[in-house]
Structure formats: structure tokens, C-alpha cells
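The values are calculated or read from the model by the stated rules, or taken from the named source; none is laboratory data. Here the structure is a predicted model, which means the values were calculated and not measured. Cβ atoms come from the backbone with ideal geometry, glycine included; neighbour counts cover every protein chain shown. These accessible areas exclude ligands, DNA and RNA; they are computed on the full protein's heavy atoms, side chains included. Shrake-Rupley method; radii C 1.70, N 1.55, O 1.52, S 1.80 Å.
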Amino acid sequence: MLTDTPLSVQLETQADDRLRVLVVGAGIAGLTLAQLLRHDGLHPVLVDRMPRMEHPGYMLALMPTVDQAFIDLGVQDRYRAAGTPMARYSFRSHRGKVLRTDSMSELLSVYGDYTGISRGELIEVLTADDTPVSFGTTVGEVADGVARFVDRDGRPVGEAPFDLIVGADGIRSRMREVLDAGEPDVVETGWSGWVAWADDLGDPGLGEELWGDGFFLGVYPVKGRLGVFLGGPDAALAVGPAAFAASVLDRVDEIGPRLEASLAAVRADPDPYLWRLDDARMSRWVLPNGILLGDAAAGFLPTAGIGAGMAIEAAWMLARMLRGADRVALPAVLAAWERVERPRVEAAQANSRMLAKLMFRRGRVIAWLRETVMRMLSVRAALGPIVKLVAERPDPDAVARGALAAPVGSEGRSRF
Ligand SMILES: Cc1cc2nc3c(=O)[nH]c(=O)nc-3n(C[C@H](O)[C@H](O)[C@H](O)COP(=O)(O)OP(=O)(O)OC[C@H]3O[C@@H](n4cnc5c(N)ncnc54)[C@H](O)[C@@H]3O)c2cc1C
């Protein structure tokens, strides 16, 4: 459970830690890292700019690359109980016809499940142990390892020195600026989409996508319901969710009761969550005054369903590598973490950018060409690079040992 805790209490609790860690942003990446470090005996200070946890209620599908984080936290049973395996995936034509259905279970069976879970339930799983966080708090400035905290209105609320400052404040990160990280490389699709919930009318393990001419409809199972995503070019969305969903219904022939109910859910939601479909990639994660993690380091387009999965993996790798690290070893360990993890995250991001080129294109001819490609391209081929990442995850303990054995100074100059 997340417990709103005064900053002074968190700072006092941390005073004797071998590494004083500050995590800015209590989202998926920040919570995973903070909880894993707590399990390893540290007391990371965790702050979030929001006045309380207002997690947008959207659905997430997580690759099995995340499982080890839940095992290390001792919450794997809770994770299994809160999620549901997405066993199959159907691709539909722009008119709604099912063109192919692939087994996700077969694709990933050796490694685990592709698990559908709502963001709220995931946060509850991650915070099964008591999780102190100071809400309404962020960092305005960092200098020489000292973080200056401010409230939501920018008023100072304290300062403290840290050995490691982690910017985990999401895709529109402010910590990039605070840590002088420079500007991200961004892919802007010019598309956005609404997220809503529908009742699952049977077939609970089936995820479906309909790539239309100028719209995209995806339904993804979580426990007991379906997460619905309805997207389109920004200009076309100006009519609002209800009218846009109605126009989509006019443009399809045979979508069946499940997808019809999904469109009805978007129409019925008075204020569905709107997601801008941009991504962001930082060329460096380890900076002179701190590091970036999760979407702040690399935020994803939704096309491969892997952003949260890679954020959890990067947090888990870091936590494991920090297990044996003290202040002296920190620079070498962080450099090794970035060297191993960033290329993996960028490979997953490249896969989602490649799929975006197929998805965010308008026109009947394009839709027809895409369908011809997708008839031949199995999920195995489309997600091949990601399955390879799942299969080839490095051993963080070995990477950390290698970093600690390397000659001092071989990782270059940095405060860390
Ligand atoms: C609709 C939708 C569907 C998605 N589906 C999938 C999926 O199926 N599979 C998948 O793997 N990924 C999916 N993703 C992506 C996934 O949600 C993100 O990759 C993941 O949440 C990244 O975690 P994060 O901790 O980096 O950022 P977030 O989870 O966004 O958390 C950032 C946190 O930082 C806080 N914050 C923001 N600014 C500040 C600040 N200045 N100071 C302090 N705190 C701050 C925020 O309040 C928030 O708590 C989806 C995303 C969306 C929006």
C-alpha cells in the first residue's frame, strides 16, 4: 500500500543506508526500483508530483521479462492472481474481418505468459508491502548530489544529499531538464487515442486489433474485463470520443458483439483517458548528477505493448546490480547497467517504431497492403526482436561482478 509520508520522515529513515537513493516518480519504473531496493535493505526516498496516486485506469500487457522482478519481491502469486494471460491475438482487416489468430502462449511458453493487468492492479501488486511516498513533491534542482525539493507550486520544501538520484517521472519527464540530460529524440505520430473499459463477453484470453483506414481499435483482456483503445489522427479525434466511435462503427462490416461492445464503452465513457502517441529516447541514461529510468529514459509507442515491460526490466536489472554496490563502486555499476540495458530497451523501441510505420498510415491502398503483409507475417515474425530479448536477458549479477572487477576509473569521469 502506498502511504503518504512526510519527506522529513523518509530522509531520517534513510540516514544510515550504504547508498542514499532518491527516486523521483512513483509510477511503474520508480515503484519497481524502490520496492526492490527496500527488499535489499535500503530505504530509498520516493516522491511523486501528484497530490495522491491517481493512476489512469488503463490496461497493460506485460511480457514475461518482468516475472523475475515479482519473484524477487515475493509477490509472484499476487501478480498471477491479479492478471490474466493473453493467450491469443487476432488481427482484423480494416473492415473488421478476422484475418489471422496467433497463439501468444505458444510463442512465449518457454518463458512465461504475456499477462494482461490494469495499471491500478499492477501498482497494488508492486506495493503489497508498505510503500512510503511523499506526494505533491518533486525536485526543482540538483547540484553536487544535493536535491532541492519543491511542492507542486514550486515552493521549496527541503533539500538533502544523495548518492544516487533517479528520474523516473514518465514520458514527459521534467527530470531530464533538472539533470541536464538534453532533449529526447522523439517520434511524433500525429495520432492519439482514448482508453475505456468494456465487459468481457467471453473469450477472456483473446486480444484483438483492427487496423483501419484512419483509425485503430484494440481490445486487450485484463481480469474480468477488456481494456479498449480507440485511436486516430489528431484532427479526426476533434469530434470527441462518442462521435468518433460512431464513425468507426459506420466504417466496418463484421466486428461482432465483442468489438461492438468495446466501441459502445468508448461512446458511453464521459471522460475517457486520452493518450498521445509519441515516444521519446534519451541518448544517455547515466548523467553527471543522476540517472533516467523507464519512460523518462525511453518512452514507447503502444505498437509492441512493451514499454512497461522494459521499464520494469530496467528497474529490476538496476536493483540487482546495486545489491553489492557501495558509494565507491556506484559509477562502475551504473555505467555497466546502461551499457547492457539501454541497447535492449532501444531494440524493443525500434521494433515498436517499425510497427508504427505500418499502423499509422492512412488510405485504402495502404490498408490493403498492410493486410497482405499481416496475412503472411505471424506474430512470431512481427514480435521476433522482442521474443529474442525475452530469451536473451543478461544475468545482472554477472554484469555487476564484471563491472566491479574492472580497473578503477575505466568507466570514465562522472560524479557517479
Ligand atoms: C493507455 C496506455 C496503454 C499502455 N499499454 C502498455 C502495454 O500494454 N504494455 C506495456 O508494456 N506498456 C504499456 N504502456 C506503457 C506503460 O504504461 C509505460 O511504459 C510505463 O507506465 C512506464 O513507467 P514509468 O514509471 O516510466 O512512467 P509512469 O508509469 O508514467 O510513471 C511516472 C510517474 O512519475 C510521476 N511524475 C510525473 N512528473 C513528475 C515530476 N516532475 N516529479 C515527480 N513525479 C512526477 C507521475 O505522477 C507518475 O506517477 C501503456 C501506456 C498507456 C498510457
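Check ARG78, ARG155, ARG88 and return the single one that is touching a Leu at 6+ places or on another chain (Cβ under 6 Å) and among the charged types (D, E, K, R). That would be ARG88, the only listed residue that is touching a Leu at 6+ places or on another chain (Cβ under 6 Å) and among the charged types (D, E, K, R). For the stretch 224-237, the criterion of being closer than 30 Å to MET321 by Cα and either within 16 Å of the ligand (Cβ to nearest atom) or modelled with pLDDT under 95 (or both) is met by none of the residues.
Tell me, please, whether a residue that is over 28 Å from LEU404 (Cα atoms), without any contact (Cβ under 8 Å) to a residue 12 or more places away in the chain and of a type outside the set (Gly, Ala, Ser) can be found in the stretch 269-289. Within the stretch 269-289 (the criterion being over 28 Å from LEU404 (Cα atoms), without any contact (Cβ under 8 Å) to a residue 12 or more places away in the chain and of a type outside the set (Gly, Ala, Ser)), the answer is yes, since at least one residue qualifies.
Can you pull out every residue in the stretch 254-294 that is more than 12 Å from the ligand (Cβ to nearest atom), outside any helix (DSSP H, G or I) and surrounded by fewer than 18 Cβ atoms within 10 Å (Cβ to Cβ)? Listed by number, the residues that qualify are GLU254, PRO270, ASP271, SER283, ARG284, PRO288.
Right, GLY207: within 10 Å of the ligand (Cβ to nearest atom) and either closer than 22 Å to SER93 by Cβ or at pLDDT below 95 (or both) or not? Criteria met by GLY207.
On the given criteria, is THR127 surrounded by fewer than 22 Cβ atoms within 10 Å (Cβ to Cβ), among the β-branched types (Val, Ile, Thr) and in contact with a Leu (Cβ under 6 Å, 6 or more places away or on another chain)? Here the answer is yes, as THR127 does meet what is asked. Here GLY136 clears all of (1) away from the ligand (no atom under 13 Å from the Cβ); (2) surrounded by fewer than 21 Cβ atoms within 10 Å (Cβ to Cβ); (3) over 20 Å from the mean Cα position of the chain (by Cα); (4) in contact (Cβ under 8 Å) with a residue 60 or more places away in the chain except the condition numbered (1). The residue that is nearest to ASP213 (Cα to Cα), counting only those in the stretch 41-92 that are open to solvent by less than 20 Å² (accessible area, probe 1.4 Å), touching a strand residue (DSSP E or B) at 6+ places or on another chain (Cβ under 7 Å) and not in a strand (DSSP E or B), is MET86.
Screening the stretch 210-223 for residues that are open to solvent by 10 Å² or more (accessible area, probe 1.4 Å) and outside any strand (DSSP E or B) and picking the one that is farthest from the ligand (Cβ to nearest atom) gives ASP213. For the stretch 9-26, a residue qualifies if it is closer than 18 Å to LEU164 by Cα and in contact (Cβ under 8 Å) with a residue 60 or more places away in the chain, and the qualifying residues are GLN10, LEU11, THR13, ARG18, LEU19, ARG20, VAL21, LEU22, VAL23, VAL24, GLY25, ALA26.
Only residues that are modelled with pLDDT of 85 or more and of a type in the set (Asp, Glu) were counted in the stretch 363-416, giving 3. Just one of the listed residues (ALA160, ALA147, ALA196) is under 30 Å from LEU46 (Cα atoms), outside any loop (DSSP other than H, G, I, E, B) and either without any contact (Cβ under 8 Å) to a residue 12 or more places away in the chain or under 20 Å from the mean Cα position of the chain (by Cα) (or both), and it is ALA196. In this entry, LEU37 passes the filter for residues that are at negative phi, more than 11 Å from the ligand (Cβ to nearest atom) and surrounded by 24 or more Cβ atoms within 10 Å (Cβ to Cβ).
Residues that are under 18 Å from VAL252 (Cβ atoms) and open to solvent by less than 20 Å² (accessible area, probe 1.4 Å) do not occur anywhere in the stretch 178-187. For the stretch 56-78, a residue qualifies if it is within 30 Å of ALA15 (Cα to Cα) and not polar (S, T, N, Q), and the qualifying residues are ALA69, PHE70, ILE71, ASP72, LEU73, GLY74, VAL75. Against the list (1) under 30 Å from PRO85 (Cβ atoms); (2) modelled with pLDDT of 95 or more; (3) not aromatic (Phe, Trp, Tyr), the condition GLU141 fails is (1). Could you go through the stretch 157-174 and let me know if any residue there is within 15 Å of the ligand (Cβ to nearest atom), at positive phi and surrounded by 19 or more Cβ atoms within 10 Å (Cβ to Cβ). For the stretch 157-174, residues within 15 Å of the ligand (Cβ to nearest atom), at positive phi and surrounded by 19 or more Cβ atoms within 10 Å (Cβ to Cβ): present. Does GLY202 satisfy being out of contact with any strand residue (DSSP E or B) (no Cβ under 6 Å at 6 or more places or on another chain), assigned to a loop (DSSP other than H, G, I, E, B) and modelled with pLDDT of 95 or more? When the stated conditions are applied, GLY202 does not pass them.
Taking the criterion of being open to solvent by 10 Å² or more (accessible area, probe 1.4 Å) and within 6 Å of the ligand (Cβ to nearest atom), the residues of the stretch 295-310 that qualify are ASP295, PHE300, PRO302, GLY305, GLY307, ALA308.
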